[in-house]
Amino acid sequence: MKLVLTYTLTFIALICVFFVDHSARTAYLPLKEGLLYSNSVSSQTTLNDEVTEKILFKRTAEDEYPTIEAASTENLPGKFLVRLIEPKDAKYRLVTAAALAGRPEGDGKGQSTFKRGPGGSKTVRDRSADQTKAAIAAVTIQKEVPQEVLNVNKVRDIVNNSEKTYFFPGIEKTLNEVTLTVKSVTPWQNKSVLTLELDNAEAKYFFVSNISITSAGMPLPIESFNDPFIPGKKRATFFVIARALKAESVAVKLSESGGETRVFDLRVAVP
């Protein structure tokens, strides 16, 4: 019995010597709420260490930005930074007051006073409005209207929802089992949308190389929305946007890439 007790006490003593941490417990400093700290500061920072704050941005005398007082028609904060980028990517534009001074009144707000000239027959507008406009700060900010990005689905919706689409009867051409048809023209904004259809009755692919529209022998700038690869035994619809077409004859030309290098040339009289 004494031998068993001796072994037990010896085993407990060995555990205490080799497996129990006898070092003093280290107290840690809690991080203050609401501060940004450098990620180089470890969570093991002790009370004897100094917690350093990382400076994210600091203004110096060398990088002081000039202050430009400006008026804006948009709901903008009182102060903000402006980064100059390309005009095509800008959401706002900076315009000088001198450039605005030559523009006519756009909103018609406020009262305008008139002075009668000699004889009472001629009226001269009081220039107080122009003087007020010239007194606006050197820069004003105007929001640029974003341009709509078109795709084949949006153009299809434009054509399907239009009540002014004009359909062409029998404007088509077939070359070796492939038929191109000019179906319709749709006025849209200050442009026209031509709808074409290509029916590939062959078993192999048909590859579209180019689509063009000419008027009086001159090519027109166009935007085309189509898949250049038409599988065999399939039919595809193309949309071509050009300038406004009215009371004129245009030529629609579609060329094949490779294969038989077929060229479809159709004449269309736009009403």
So, of the residues in the range 245-268 that are closer than 14 Å to residue 184 by Cα and at pLDDT 95 or above, which turns out to be surrounded by the most Cβ atoms within 10 Å (Cβ to Cβ)? 252
Answer yes if at least one residue in the range 161-176 is in contact with a strand residue (DSSP E or B) (Cβ under 8 Å, 6 or more places away or on another chain), among the aromatic types (Phe, Trp, Tyr), open to solvent by 70 Å² or more (accessible area, probe 1.4 Å) and at pLDDT 70 or above, and no otherwise. yes
(1) assigned to a strand (DSSP E or B); (2) in contact (Cβ under 8 Å) with a residue 12 or more places away in the chain: which one isn't true of residue 203, the others all being true? (1)
Can you confirm whether residue 197 is part of a strand (DSSP E or B) and open to solvent by less than 70 Å² (accessible area, probe 1.4 Å)? yes
Can residue 224 be described as touching a residue at least 24 places away in the same chain (Cβ under 8 Å), in a strand (DSSP E or B) and surrounded by 15 or more Cβ atoms within 10 Å (Cβ to Cβ)? no
Filter the range 185-210 down to the residues that are in contact with a strand residue (DSSP E or B) (Cβ under 6 Å, 6 or more places away or on another chain) and of a type in the set (Gly, Ala, Ser) and list them by number. 192, 209
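The values are calculated or read from the model by the stated rules, or taken from the named source; none is laboratory data. Since we're looking at a predicted model, the values are computed, not measured. When we count neighbours, we look across all protein chains shown, and the Cβ atoms used for this are built from the backbone with ideal geometry, even at glycine. Areas reflect the complete protein model, heavy atoms only, side chains present, ligands, DNA and RNA absent. Shrake-Rupley method; radii C 1.70, N 1.55, O 1.52, S 1.80 Å.
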